There are 2 protein chains.
Amino acid sequence: MADQLTADSEYTDAELELDLRWWAAANYLTVAQIYLQDNSLLREPLRPEHIKPRLLGHWGTSPGLSMIYTLLNRHIRRTGSDWLYLTGPGHGGPALVASTYLEGTYSEVYPDVSPDAAGIHRLCRQFSTPGGIPSHVSVQTPGSIHEGGELGYALAHAAGAAFDHPDLLVACVIGDGEAETGPLSGSWKLPAFLDPARDGAVVPILHLNGAKIAGPTVYGRSRDTDIEAFLTGQGWAPILVEGDDPHTVFRELESALGVAHREITRIQGAARAGETPDHYRWPAIVLRTPKGWTGPHIVDGKLVEGTFRSHQVPLSGVRTNEAHLHQLEQWLRSYGPDTLFDENGALAPELAALAPEGDKRMGSSPYANGGRLRAELPIPDLSRYEVEIEKPGAAFHETTRVLGELMRDLYRETTTEDGGGTFRLFCPDETNSNRLGAVFEATDRCWQLPTTEYDEALSPHGRVMEVLSEHLCEGWLEGYLLTGRHGIFASYEAFAMVAASMIIQHTKWLQHATELPWRAPVSSLNILLTSTCWRNDHNGFSHQGPGMIDSVTLLAPDVVRVWLPPDSNTLLSISDHCLRSTDRVNLIVVDKQPHLQYLTLAEANEHCAAGASVWQWAGTEETVGGDGPDVVLAAAGDVPTQELLAAAQLLRDWTPDLVTRVVNVVDLMGLLPPADHPHGFAEEKFAELFTEDTDVIFAFHGYSRAVHELLHGRPDPGRFHVRGFSEQGTTTTPFDMVVLNRMSRYHLVIEALRRSRRAPDGAEELAAHCRDQLERHRTYVVEHLEDMPEVRDWVWS
Amino acid sequence: MADQLTADSEYTDAELELDLRWWAAANYLTVAQIYLQDNSLLREPLRPEHIKPRLLGHWGTSPGLSMIYTLLNRHIRRTGSDWLYLTGPGHGGPALVASTYLEGTYSEVYPDVSPDAAGIHRLCRQFSTPGGIPSHVSVQTPGSIHEGGELGYALAHAAGAAFDHPDLLVACVIGDGEAETGPLSGSWKLPAFLDPARDGAVVPILHLNGAKIAGPTVYGRSRDTDIEAFLTGQGWAPILVEGDDPHTVFRELESALGVAHREITRIQGAARAGETPDHYRWPAIVLRTPKGWTGPHIVDGKLVEGTFRSHQVPLSGVRTNEAHLHQLEQWLRSYGPDTLFDENGALAPELAALAPEGDKRMGSSPYANGGRLRAELPIPDLSRYEVEIEKPGAAFHETTRVLGELMRDLYRETTTEDGGGTFRLFCPDETNSNRLGAVFEATDRCWQLPTTEYDEALSPHGRVMEVLSEHLCEGWLEGYLLTGRHGIFASYEAFAMVAASMIIQHTKWLQHATELPWRAPVSSLNILLTSTCWRNDHNGFSHQGPGMIDSVTLLAPDVVRVWLPPDSNTLLSISDHCLRSTDRVNLIVVDKQPHLQYLTLAEANEHCAAGASVWQWAGTEETVGGDGPDVVLAAAGDVPTQELLAAAQLLRDWTPDLVTRVVNVVDLMGLLPPADHPHGFAEEKFAELFTEDTDVIFAFHGYSRAVHELLHGRPDPGRFHVRGFSEQGTTTTPFDMVVLNRMSRYHLVIEALRRSRRAPDGAEELAAHCRDQLERHRTYVVEHLEDMPEVRDWVWS
């Protein structure tokens, strides 16, 4: 391939003319999709009734997107290389639909959009209409792993696709609007993390068409020298292509792609030969072309081409304004549809021949349908990591450590010969802090910048991705998963919210992906939320927020799962399940600090499979008997479980004839009615856990009303009395956190006694004891500044 | 001032020595806060019992922060200028507490932390302990408008502070960890938006100490030339200061501050003289100093100073490890506490004299306590904007237009002589799209880059802030508000989620700010969510997400308000309320497309003050009579209100003897029990609206369970049957959106008939009619691709 690339592969005039015709076909179909409900090949004069009643779509970015596609096709045919096309300006949907239609993929995926006049008719009608296809490049678009609706993530997704795919090239078109976002701005740091020896390459194409919806863009109005400095300073070697004459721009872009590819081959070649390519920079293309290029230049006396006015539908009055209709017909005919499609509506054979073949077509690339590449993870026998349990609640363990060990072995098991693999951990500089450091026994942090002798676990071929950006971690992982691999995003619980909108958008993607039979299932997005609100007592209020749970619970029930393992062995069991699952978003919420451990691995497996269980050993139903519990004590989450069990113990000790039942919930979505979520506990099971009428004291990891939200539709949900995080926090002790939020064992006991079916002997004394303990704590907090006692670990006092 | 600055203001050796001693005092107090619970002035040999039982705090960044503070103090005294200090690395809390203590502010704000030995004792004890102060620079820290817990927003906050404060200089320290985040990376675009004629200046100080918690930073390991290129390309003129010898670094940084200020004065001077400073670049300081500078160099044989190991507590075993204790004592004594503080513990007078005076002290700056600067907004008489209502629901109007007109006049009313003002709109390139374009009658978009003849409403002195970044819009506005001004952030509803974590953090800030009597109230954070899920039928699923509501409803009840105005006049009334309010986060959710209008301004004022009202004209209680309604029909939000009213009309027409009551909810938090939220409707009022036992059909703008979440604790909440957004969407028609989500008028009627206390005459016919209409719609959607009818506006069919 290198030979082909370094050869003077001349771009002949004949080739150029063919490419311009292909481009014309793509542009024609783009405009036709936006405007035409009939006469889609313009076989008769254009009349108002041919025009869709509602004009939706984005013309402005489309010609640029199609030009890039055209020239990548040529480049692929010439080099035989594998490219993925990432459309940052995803609102240019009709352009990508047109290109994948012209190359044949679209009709293969959607046979009713056939490669003929009937297919073109349908292609146009379905666009942006009810029951048809969305206006954006979306999950429905073949070849896409990226919806450009919420802007900012194109380059992060592209990077994730390239990691560990040494032979892949990712063309990532970045609109100059998107380039203003924070996440995209942060994504330019990729050269510090992309390993030329093991990863594929990303070719950013910063497309400066100069305008957003209603105004100019920062980079569009910046000088070339400034943009060059900006990119150079971050490890890129910019190649500028600019113009408004298609012949010139096509030649320059064709050449730029060749130059970029040759430089990538040189860099990767050196790295793969064991050399360290010193001070290299990755090629990046800066492409300045007019917005709405080849569209109406002036409409109603106002400049449209090259300005923000071409962003969406440049001629809006075509159904009623004869001049507009005429201008549209001129515009459409300027592409010469009769010369592009034969009488049956098939693309002219000399144009059809321009597309790459089979899976080399970007719309058909298996990289863009990652489930086709995905292999099951070889998950080791979990018993290797089991935490020994002599009896429940007898020993502390940093719960997340076992997951670090499991991931270490996943790295080992999946490492390929070239040093790559199919599993990665993404974490904002917190791998050790989150007690996942065992992974560094298997690999290092990934780092392409200089290292020093005092660095630890840091190397260019390391594959743990640490960057202080939740956006990058999440975006990289999404790209990695959508191209067929496995991974985990681990974050401080509070700061996962930074990426909440990305997680929501990914959930939306999966929701619609599962409706498309041609999309093979991809690995689930597994998110470990640790350093949780209850145990960020050292960092304070900004670090204390469990709201990520609330951001996902009401999204697609077929996608979303929320797991609250109370200890290490349940975390192992949950992780195993999540890592095997596909097309899900799994939130796993568990703290990293030393916590009490309860279940053996076998018990944990059973508990997790059930989603929630009665913990007989913690309640008094078996010992005291009676006709069901006087009160049910339930918990979801590690700290809540600990406080609840302490409450249960206090009740056992002080009110021994009270009948309590202790329930632990690990699968939060089980609380939803089964009609509303596939994991919703069946009615009978729900009643077996919580009865149908007994009051339930529920200690919950997150905001208490999040539980009430889920319980609606269950029998008498008003009997659930939930204690959870109530947005109280600061730098303090763990025990003070549960007191501040009124979820301490003492609060739970007082509430349980208040709600119990009957008042047991000893109730008054116990309530008094609890109030006394809380009073003692209050005194201790208020007075300690004057006379500071030992700040003891009150966790299990 | 310019004269003073351009003079060769020599930095004498004596001054340098004094500054180094001040710095030593700040470093001493920083270490003492982290370690000491007693013997805080080291008047006796250090013993284990002097050490806090739990060591919390971040040493690594602190000496750098204190050095900058020291030299800014000198600079302020020399120039008389006003500076604000933004601490990006907010975990360096003890450093800022130390500096504001040394300058005297701290004791003025917190008199029990007096400027003597007792005060130092308390200063140390309170740090990071229960009942004391948080470990971060936080709302409790005088001089701060920024909590650096969730990283990424320092430069955006700094920019917001500088807008329209022509005499203010903002020193913004950016850690090289934070510099990896997306939002911070995007913030470097500030020069495209900062007007030298009207705004103050921001001096970013990119502090490269090279390491994060556990590894190196991208910029820390990048070459100077790369960083220079990166910054230069974005409009900055970097000044590099590097070293590990304090004498050298102090001299260089002192000089750099002078150079920066002189250049700022030159740029602003030209601009304010009416010249256009061409191709200027704003000074930015790049400061490379060792992490944990002056701290333990080697601990247990491992290099600590200058590495990630100094991030938090570099000597962790001091209570039990004698060598560590000895090393700590050496470290503390290296600062010479006896030479810094007199026998009473007061700072040596020659050092105390180094602080600026009064409000020039950065801890005392009124800019950092913006409520002190805040003036009430001169809100015009709302009747100017009133939309005329002949009868309810008779005419369409783009609801948000009136807010654009109101904001236009707010711009006009608050414009100052220099072209600045105290009100701004922040919006990601959507001002026109969101129908707020009337503001451009008063001012332009702010734009410092080149303009062209076809630009619209774009100029260097424009004050509408449009940048395609929700992070920047939100962060700029936060900085603007916290320094005493007013504003609105307007966003597409779905993409406000991009900034959700910022909004949550700001809510936390306000929650604690209101507990501090010395913090004067600031204007509320007003967020307009428009282009809502129901009417993003053109953009598709990525643009359809009402989850922002769920991200805030469970936060501090004293801060959070969610408003769902159904029409223009209610929007006016709500906006007036929100713009007058302080210390709140107001979410206002309303769409921009043409919607039916219902209430006159007088009615709207009454309705909004009540939070929810019975709309008698829409129900049949008055006409049919009876003992209360058979069913209550409630709605919150514009589209739900429309569908609900259509349902009420169908019921009136087909089942005339059914007694319906129509309730409209505009203040969502009113649904919460009054014990849980100050706006929670009193029990009687709640019953007057919804009865205590009648079933309620509730059409809701957001996810339906979000309403159930709020209703817990209300009488028989199970009788509320909520229809809302159920995460169904695509590019389609508005009516198809309400059908897909089962909130259409027909769905509401069917549900109302099912839940009604009794079956009225005509019920079966009406239900059949509704099912038929839905079937017709389904047919229409499925079949239209074959035989496309007019896509009529089904909104009010």
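The values are calculated or read from the model by the stated rules, or taken from the named source; none is laboratory data. These figures come from a predicted structure and were not determined experimentally. Every residue, glycine among them, receives a Cβ derived from its backbone with ideal geometry; neighbour counts consider all protein chains shown.
Go over the candidates A:Gly104, A:Gly88 one by one and state the one that is within 14 Å of chain B (Cβ to nearest Cβ) and modelled with pLDDT of 95 or more. Only one candidate qualifies: A:Gly88.
For region A:392-418, a residue qualifies if it is assigned to a loop (DSSP other than H, G, I, E, B) and either of a type in the set (Val, Ile, Thr) or under 21 Å from A:Leu436 (Cβ atoms) (or both), and the qualifying residues are A:Ala395, A:Thr399, A:Thr400, A:Thr415, A:Thr416.
Among the residues of region B:442-453, those that are under 24 Å from B:Thr416 (Cβ atoms) and either charged (D, E, K, R) or at the interface with chain A (Cβ under 8 Å from one of its Cβ atoms) (or both) comprise B:Asp444, B:Arg445, B:Trp447, B:Thr451.
Results for (1) over 30 Å from B:Ser523 (Cα atoms); (2) surrounded by fewer than 19 Cβ atoms within 10 Å (Cβ to Cβ); (3) at pLDDT below 95; (4) in contact with a Cys (Cβ under 8 Å, 6 or more places away or on another chain), shown as yes or no for each residue.
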| position | (1), (2), (3), (4) |
| --- | --- |
| B:Ile588 | no, no, no, yes |
| B:Ala604 | no, no, no, no |
| B:Ala612 | no, no, no, no |
| B:Gly628 | yes, yes, yes, no |
| B:Ala648 | yes, no, no, no |
| B:Leu658 | yes, no, no, no |
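At least 1 residues being modelled with pLDDT of 95 or more and in contact with a strand residue (DSSP E or B) (Cβ under 8 Å, 6 or more places away or on another chain) is the threshold, and among the helices (runs of 4 or more DSSP H) wholly inside region A:705-797 those reaching it are A:745-755. Can you confirm whether B:Tyr492 is crowded, with 24+ Cβ neighbours inside 10 Å, hydroxyl-bearing (Ser, Thr, Tyr) and more than 11 Å from every other protein chain (Cβ to nearest Cβ)? When the stated conditions are applied, B:Tyr492 does not pass them. Being within 7 Å of chain B (Cβ to nearest Cβ), out of contact with any Pro (no Cβ under 9 Å at 6 or more places or on another chain) and among the hydrophobic types (A, V, I, L, M, F, W, C) is the filter; apply it to region A:211-228 and report the residue that is surrounded by the most Cβ atoms within 10 Å (Cβ to Cβ). Ranking the candidates gives A:Val218 first.
All told, B:Leu332 meets the bar of being among the hydrophobic types (A, V, I, L, M, F, W, C), within 25 Å of A:Asn539 (Cβ to Cβ) and surrounded by fewer than 22 Cβ atoms within 10 Å (Cβ to Cβ).
One residue stands out in region B:754-773 among those that are under 23 Å from B:Arg719 (Cα atoms) and among the aliphatic types (A, V, I, L, M): the one that is surrounded by the most Cβ atoms within 10 Å (Cβ to Cβ), namely B:Leu766. Please determine whether any residue of region A:171-189 is at the interface with chain B (Cβ under 7 Å from one of its Cβ atoms), part of a loop (DSSP other than H, G, I, E, B) and of a type in the set (S, T, N, Q). Yes. The helices (runs of 4 or more DSSP H) found wholly in region A:1-96 and carrying at least 3 residues that are hydrophobic (A, V, I, L, M, F, W, C) and within 30 Å of A:Ala159 (Cβ to Cβ) occupy A:13-35, A:62-79. Scanning region A:556-590 for residues that are of a type in the set (Gly, Ala, Ser) and within 14 Å of chain B (Cβ to nearest Cβ) returns a single hit, A:Ala556.
Candidates A:Glu493, A:Glu430: the one that is of a type in the set (Asp, Glu) and at pLDDT 95 or above is A:Glu493. Note on region B:433-452: residues that are surrounded by 22 or more Cβ atoms within 10 Å (Cβ to Cβ) and of a type in the set (S, T, N, Q) total 3.
Taking the listed residues B:Gly475, B:Gly487, the one that is more than 11 Å from chain A (Cβ to nearest Cβ), crowded, with 22+ Cβ neighbours inside 10 Å and among the small types (Gly, Ala, Ser) is B:Gly487, with no other qualifying. Annotation: of all residues in region B:114-137 being part of a loop (DSSP other than H, G, I, E, B) and under 14 Å from B:Gly93 (Cα atoms), the one that is farthest from the other protein chains (Cβ to nearest Cβ) is B:Val137.
Selection over region B:231-280 of residues that are within 30 Å of B:Leu449 (Cβ to Cβ), of a type in the set (D, E, K, R) and part of a loop (DSSP other than H, G, I, E, B) gives a count of 2. Filtering A:Glu456, A:Glu430 for residues that are within 13 Å of chain B (Cβ to nearest Cβ) and touching a residue at least 40 places away in the same chain (Cβ under 8 Å) leaves a single hit, A:Glu430. Residues in region A:670-701 that are touching a Phe, Trp or Tyr at 6+ places or on another chain (Cβ under 9 Å) and within 21 Å of A:Asp567 (Cα to Cα): A:Gly670, A:Leu671, A:Leu689, A:Ile697, A:Phe698, A:Phe700, A:His701.
Could we say that B:Gly484 is without any contact (Cβ under 8 Å) to a residue 24 or more places away in the chain, in a loop (DSSP other than H, G, I, E, B) and in contact with a strand residue (DSSP E or B) (Cβ under 9 Å, 6 or more places away or on another chain) here? Steps first, answer last, please.
On the way: without any contact (Cβ under 8 Å) to a residue 24 or more places away in the chain: no; in a loop (DSSP other than H, G, I, E, B): yes; in contact with a strand residue (DSSP E or B) (Cβ under 9 Å, 6 or more places away or on another chain): yes.
Spelling it out, it is not the case that B:Gly484 is without any contact (Cβ under 8 Å) to a residue 24 or more places away in the chain, in a loop (DSSP other than H, G, I, E, B) and in contact with a strand residue (DSSP E or B) (Cβ under 9 Å, 6 or more places away or on another chain).
If a residue has to be out of contact with any Lys or Arg (no Cβ under 6 Å at 6 or more places or on another chain), at the interface with another protein chain (Cβ under 7 Å from one of its Cβ atoms) and in a loop (DSSP other than H, G, I, E, B) to count, how many in region A:534-555 make the cut? Count: 6.
Output yes when any residue across region B:138-155 is part of a strand (DSSP E or B), under 27 Å from B:Lys508 (Cα atoms) and more than 7 Å from chain A (Cβ to nearest Cβ), and no when none is. No: region B:138-155 contains no residue that is part of a strand (DSSP E or B), under 27 Å from B:Lys508 (Cα atoms) and more than 7 Å from chain A (Cβ to nearest Cβ).
Of all positions in region B:12-23, none carries a residue that is touching a residue at least 24 places away in the same chain (Cβ under 8 Å), over 23 Å from B:Arg251 (Cβ atoms), touching a Ser or Thr at 6+ places or on another chain (Cβ under 9 Å) and in the same structural domain as B:Val313 (by TED's automatic domain parsing).
More than 21 Å from the chain's Cα centre (by Cα), in contact (Cβ under 8 Å) with a residue 60 or more places away in the chain, under 17 Å from B:Ser365 (Cβ atoms) and surrounded by fewer than 24 Cβ atoms within 10 Å (Cβ to Cβ), is that true of B:Asp116?
Values: more than 21 Å from the chain's Cα centre (by Cα): yes; in contact (Cβ under 8 Å) with a residue 60 or more places away in the chain: yes; under 17 Å from B:Ser365 (Cβ atoms): no; surrounded by fewer than 24 Cβ atoms within 10 Å (Cβ to Cβ): yes.
No, not satisfied.
Looking across region A:729-754 at every residue that is of a type in the set (A, V, I, L, M, F, W, C) and away from chain B (no Cβ under 12 Å), the one that is nearest to A:Ala494 (Cα to Cα) is identified as A:Val738.
Find all pairs meeting these conditions: Cβ atoms under 6 angstrom apart; at least six residues apart or on different chains; first residue within region A:25-48 and farther than 18 Å from A:Gly292 by Cβ; second residue assigned to a loop (DSSP other than H, G, I, E, B). So the pair list comes out as A:Gln37/A:Lys52; A:Gln37/B:Met788; A:Leu41/A:Gly345; A:Pro48/A:Arg319. Do we have A:Gly88 as in contact with a strand residue (DSSP E or B) (Cβ under 6 Å, 6 or more places away or on another chain), within 22 Å of A:Arg333 (Cα to Cα) and of a type outside the set (S, T, N, Q) here? For A:Gly88, the condition - in contact with a strand residue (DSSP E or B) (Cβ under 6 Å, 6 or more places away or on another chain), within 22 Å of A:Arg333 (Cα to Cα) and of a type outside the set (S, T, N, Q) - is not met.
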